[in-house]
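Working notes, structure below.
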Amino acid sequence: MYILAVIFGYLIGSIPTGYLFTRFIKNIDVREVGSGNVGATNAARALGIRYGIIVALLDIAKGFVAVSIAFLFINPQGDMINYIPYLTGLTVILGHDHSLFLNFSGGKGVAATFGVLLRISPPVFLIIAVIWLLLSVITRYMSAASLTSAVLMPIVLYIYLNEITAFYFFIIYGFLIIGKHHGNIKRLLRGNENRINVGKS
């Protein structure tokens, strides 16, 4: 059951929602648009903000559903000490970042990580989501908002839950997000990172 949960996490994470939406709606490859990423931000560039939001919600749902199933079948008591739901969350994020169906390319893991966080702690998810939204609007750098959220998630989660397993795993999740944003970090330091159009969004 442990192995199945981990495999299921990777497979559900590998579902390329941004790619599927752009193929179905406009018959284009989202990897050939904008940044070439298959996440919600680039899907919004290709299809518009409404579809970008739908893709983001579906990517969040991937993390939430996989970890929920891990808790349901492996650990029905919801004992936070059990590391299997967190390991399943890790494989969801890895599947999202390196999809089996896209030659191991994928998104940057932010929405999938948010989905895992939503299942682990809805209050902390709400705090981080508000911070992410405010930073996106204030700075107009979605990447900066995502990077800040990656750093804050384990800290806020530990303060709220006082649970060391969650803290360690969300540090790993955060490093995955930061690693996928290495190009954005370089552009932020150079001052030529792409800004979002807040009014249009």
Using +1 at the C-beta of Lys and Arg and -1 at the C-beta of Asp and Glu, which of L126, F101, V65 has the Cα lying farthest in the positive direction of the dipole of the stretch 44-201?
F101
Please list, in order along the stretch 27-33, the HN-Hα scalar couplings obtained from phi with the Karplus expression 6.51 cos²θ - 1.76 cosθ + 1.60 (θ = phi - 60°), rounded to whole Hz, x for Gly and Pro.
6, 10, 9, 4, 6, 9, 10
Computed helical MRE - 222 nm, the chain, DSSP H runs ≥ 4 contributing -39500 (n - 2.57), nearest 500
-23500 deg cm²/dmol
Under DSSP H, which helices of the chain have Cα atoms covering 24 Å or more of the helix axis and a Kyte-Doolittle average no less than 1.6?
49-74, 122-139, 142-161, 164-180
Point-charge dipole on Cβ atoms (K/R +1, D/E -1) for the chain, about Cα centre, debye to 20:
780 debye
Nitroxide proxy distance, nm - points 7 Å out along Cα→Cβ at M1 and N192
5.4 nm
For each of E163, E32, count neighbouring Cβ atoms within 10 Å of the residue's Cβ, then give the residues from fewest to most.
E32, E163
Mean projected area (nm²) from the convex hull of Cα positions in the stretch 1-58 is 4.1 nm²
Among 104-117, 178-191, 124-137, how do they line up from the highest to the lowest mean number of other beta-carbon atoms within 10 Å?
104-117, 124-137, 178-191
What are the equivalent ellipsoid semi-axes of the chain, built from the alpha-carbon gyration tensor (square roots of five times its eigenvalues), in whole angstrom, biggest first?
27, 20, 14
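Read the figures in this text as sums done on the coordinates, not as results from a lab. Please read these numbers as outputs of a predicted model, since none were measured by experiment. Cβ coordinates were reconstructed from backbone atoms using ideal geometry, including for glycine residues, and neighbour counts include every protein chain displayed.
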